[in-house]
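J.: First, the structure itself, so that you have it in front of you.
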Amino acid sequence: MPHTLEKQRHILDFTLASLLRRKGKNGALFTVYTLIVFILASVMFFTYALKEEASLVLKGAPEIIVQRTLQGRYAPIPVEYGVKIRGIRGVMGVRPRVWGYYYDPVFLANYTIMAPEGVNLPPGSIALGSGISRMRRAYQGDTISFTGADGKARNFTIARILPEESQLLSADLILMAEGEYREFSGLPPGLASDLTLKVKNPKELATVAEKIVKILPDSRPIIRNEILRTYDALFSWRGGLLIIIMSAALLAFVIFAWDKASGLSAEEKKEIGILKAVGWESSDILFMKFWEGLVISLTSFLAGTILAYFHVFLTSASLFAPVLKGWSVLYPQFQLTPFINPGQIATLFFLTVVPYTVTTIIPSWRAATIDPDSVLRS
């Protein structure tokens with residue numbers, strides 16, 4: 001056993017020296033390999049981190065949201081619906097929410113306007129999301145104008161800017177008092193945007209939702225888990241789409257690796273011929289090629305994974321963010337919390353290292369069985 005380990009150590013030393021002698025060829029392979037790992041790892045890390053971020057954010061979301069549909073489309077819901085829903089067994093509380101969207105034709109952006117309960121704002125004042133503040137260059141104490149549903153422009157004083165730490169939720173958010181929002185949006189009294197429910201037993205959410213539909217046929221209850229599944233499917237679809245597009249690059253790399261491993265240069269053939277002439281066996285040559293592939297693949301894998309980590313979690317995945325987040329004029333600026341599990345690393349290893357290893361097995365075996373006499377005579 002010690003003899004075998006010593007032999008492998010010498011073969012590895014020789015392999016490293018051989019790789020350094022062909023810096024140009026191996027450097028090109030390392031660069032392409034690292035780039036492939038970097039792209040795939042960035043997509044995987046970013047997609048998984050977004051899904052985890054969404055799940056954490058939605059933990060504080062209402063257990064059930066009840067909307068009203070009219071002609072198959074979303075419509076304001078009467079507040080009195082809450083009285084009927086409150087009579088369902090297991091429902092602990094019902095709250096109406098008043099909110100909506102505002103399109104800014106100047107900046108071509110959509111804002112979310114909310115009038116939450118207990119908002120403490122002076123008359124004619126609003127709280128502004130940091131994304132809107134940054135885009136419109138409007139800050140605390142400034143006056144900002146929005147056009148209401150009646151076509152009249154209304155001026156609001158910015159009482160405060162929402163914290164930067166909450167950009168994922170509040171970058172495009174405007175908060176105002178309920179009375180001012182109803183006047184601004186044209187939402188009549190007695191109507192709400194939707195109703196939020198608190199249920200005593202989380203296991204009965206589906207049952208409560210079914211009862212709501214029976215009592216109010218024009219309602220549409222949405223369970224929090226359904227929203228989570230929607231986000232999960234959305235990010236998985238976008239991430240999968242990117243990986244499929246990048247698979248063309250992965251296939252090109254596999255072909256490149258095969259060509260590199262099978263197309264031995266005259267110098268490499270001469271080296272193998274000399275090694276076999278001085279007593280190296282075919283198994284030793286095969287081990288040398290194995291170590292060569294392992295050094296390149298593992299080094300590229302580690303380099304690409306580390307670069308992807310910094311790209312996703314320190315620069316917020318600036319290369320792929322628009323594709324995975326979706327189209328928007330007003331992007332929130334935030335740093336993702338690192339979420340990496342062993343399954344991700346294993347999947348990435350299988351997608352990158354295994355194809356390279358498989359494509360180099362047969363060419364390596366051919367190299368190991370080369371006839372030294374024919375090489376040295378030529």
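J.: Within 10 Å of each candidate Cβ there may be at most 11 other Cβ atoms; applying that plus a DSSP loop requirement, which trypsin sites (Lys or Arg not before Pro) in the range 1-89 survive? Display every interim value, and only then the final one.
T.: Values: sites: Lys7, Arg9, Arg21, Arg22, Lys23, Lys25, Lys51, Lys59, Arg68, Arg73, Lys84, Arg86, Arg89; in loops: Arg22, Lys59, Arg89.
Those satisfying the criteria are Lys59, Arg89.
J.: Counting other beta carbons within 10 Å of each residue's own, what order do Val83, Val106 fall into, fewest first? Intermediate values should be presented prior to the final figure.
T.: Working: Val83 10, Val106 6.
Fewest-to-most Cβ neighbours within 10 Å comes out as Val106, Val83.
J.: Lysine pairs in the range 64-222 with alpha-carbon atoms under 24 Å apart, 8 or more places apart or on different chains: how many are there?
T.: The result is 11.
J.: Taking the beta-carbon count within 10 Å as an exposure proxy, list Met92, Met176, Met135 from fewest neighbours to most. Each step should come with its number before you reach the end.
T.: Values: Met92 11, Met176 26, Met135 17.
Ordered from fewest to most neighbouring Cβ atoms within 10 Å, Met92, Met176, Met135 come out as Met92, Met135, Met176.
J.: Something else: Determine, for Asp104, Asp194, the number of other Cβ atoms within 10 Å of each Cβ, and report the residues in order from fewest to most.
T.: Numbers: Asp104 17, Asp194 21.
Going from sparsest to densest Cβ surroundings: Asp104, Asp194.
Every read-out reported here was derived from the displayed coordinates using simple, explicitly stated rules and does not represent laboratory data. For clarity, every value in this text was computed on a predicted model and none was experimentally measured. Neighbour counts are summed over all protein chains in view; Cβ atoms, including those assigned to glycine, are modelled from backbone coordinates with ideal geometry.
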